[in-house]
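S.K.: I am attaching a structure below and will ask some questions about it afterwards.
Each reported figure results from applying straightforward, stated rules to the coordinates on display, with no laboratory input. None of these values were measured; they are calculated from a predicted model. Cβ atoms come from the backbone with ideal geometry, glycine included; neighbour counts cover every protein chain shown.
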Amino acid sequence: MKTSINGRIIQQQETPNTSAALRQALNQSMESQQNPINVRNNDDEDDGDDDEVNKKRPAEETTYSKATTKKQKKHTNKDEKKMKHTNGDETIVVVSSDSDNDAGSQATNKDTNEQPSDEPEKENQLSEALKLMIDGDFLRDQDNHEEALIVYRKALDIRLELLLGTRHSDTARSYHNIGVVLDNQEKYDEASKNYQYALDIQLEIVGNRHEYVADTYYNMGNALAKQNLPEEALRSFQKALDIQLEVLGNRHEYVADTYYNMGNALAKQKLHEEALRSFQKALNIQVELLGNRHEDVAHTYYRMGGVLENQFK
């Protein structure tokens, strides 16, 4: 039968002897706070104890809310003259001193003076891209995913055209947020591809020990799990966890969420003992941070109860 716990629809099996963990989850949920933290989409539904319900969080907000455009610093030096040459996506700066050939220096100055700088226009367009990203965040928060996707892609087009190639943190942020919107639209395969684009850039820029990278691996794991790819999802969650433990420590809510989702991926593969260990690690952190009368704690008890029931069938 289906039981509603704080507005969350769950699937409960009809069994003569309901596990103690399951009973405890149901009892605790009824006593949980009036406005519990939302850890999943309201329209998600548990279709059985084997069906995982992954915890989702808006990592793109916590990670990228302070994104800014980089302004290029300009300076002059009486002993230096700088001339820019553009070769495809690469800008080369050539430095010459006053002691160099005077004719060459004068020619350089003349050419530079004759060509108006396009930096102000570039800055304006990058500022427009940032504004589009903010608008996209607002539209996404209003569940207007179609419009958010259009706006995010406009921002991405600007950044790809104006930034030096695709290896830039702002470009990674665009790919990441596009992935989030596609994820919300249940276009999980496309979402995974955009998360991977973001990861490729992030790994090159900040390395594999940064919270930005952990958040993208985490979201990638959720998208893979929704495609019924538990092994791939588990690998992605493990990579997120490795970074989180190093950067955030072992007593953080994000670490608990990752352990929880790893438990779901393991349970999906019928690896019951490993799933229980992962859920227990999530539970230990949740109880310490939230107390034992919180909805997140009840969810974890419930999932553990489902694994225990399946283990002894």
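S.K.: Under a plain spin-label model, where a point goes 7 Å from the Cα along Cα-to-Cβ, how far apart in nm are N292 and D135?
M.R.: According to this spin-label approximation, the distance is 5.2 nm.
S.K.: Multiply the residue separation of E147 and Q269 by 0.36 nm, subtract the distance between their alpha-carbon atoms, and state the gained length in nm to one decimal.
M.R.: Working: separation 122, 0.36 × 122 = 43.92 nm, distance 3.72 nm.
Fully extending the segment from E147 to Q269 adds 40.2 nm.
S.K.: Name all residues of segment 241-267 having a backbone nitrogen under 12 Å from the label point set 7 Å from the Cα of N310 along its Cα→Cβ direction, giving them as ranges.
M.R.: 263-267
S.K.: I need the peptides 277-284, 172-179 ranked by packing, meaning the mean over residues of other C-beta atoms within 10 angstrom, with the highest value on top. If you can, show how the numbers build up before the last one.
M.R.: Details: 277-284: 21.0, 172-179: 26.5.
Those peptides, ordered most packed to least, come out 172-179, 277-284.
S.K.: Which pairs in the list K270/K313; K193/K239; K239/K313 are over 22 Å apart, alpha-carbon to alpha-carbon?
M.R.: Working: K270/K313 12 Å; K193/K239 17 Å; K239/K313 32 Å.
The pairs that break the limit, which is 22 Å between Cα atoms, are K239/K313.
S.K.: Quick one: Karplus J couplings for segment 202-208, per residue in order, coefficients 6.51, -1.76, 1.60, θ = phi - 60°, nearest Hz, x for Gly and Pro?
M.R.: Karplus-based 3J(HN,Hα) across segment 202-208 equals 4, 4, 6, 7, 10, x, 9 Hz.
S.K.: Output wanted: per-residue J couplings in Hz (rounded whole) for segment 134-150, from phi through Karplus 6.51 cos²θ - 1.76 cosθ + 1.60, θ = phi - 60°, x for Gly and Pro.
M.R.: Values per residue, Gly and Pro as x: 5, 4, x, 4, 5, 4, 5, 5, 8, 6, 8, 6, 4, 5, 4, 5, 4 Hz.
S.K.: Then there is this: So, R0 is 22 Å and r is the distance between the beta-carbons of R277 and N228; what FRET efficiency does that work out to, to 0.05? It would help to have the intermediate numbers written out before the result.
M.R.: On the way: r = 23 Å, r/R0 = 1.04.
So, using R0 = 22 Å, E works out to roughly 0.45.
S.K.: If you average the C-alpha positions of segment 269-306 and of segment 157-198 separately, how far apart do those two centres end up, in angstrom?
M.R.: Each part's Cα centre sits 32 Å from the other's.
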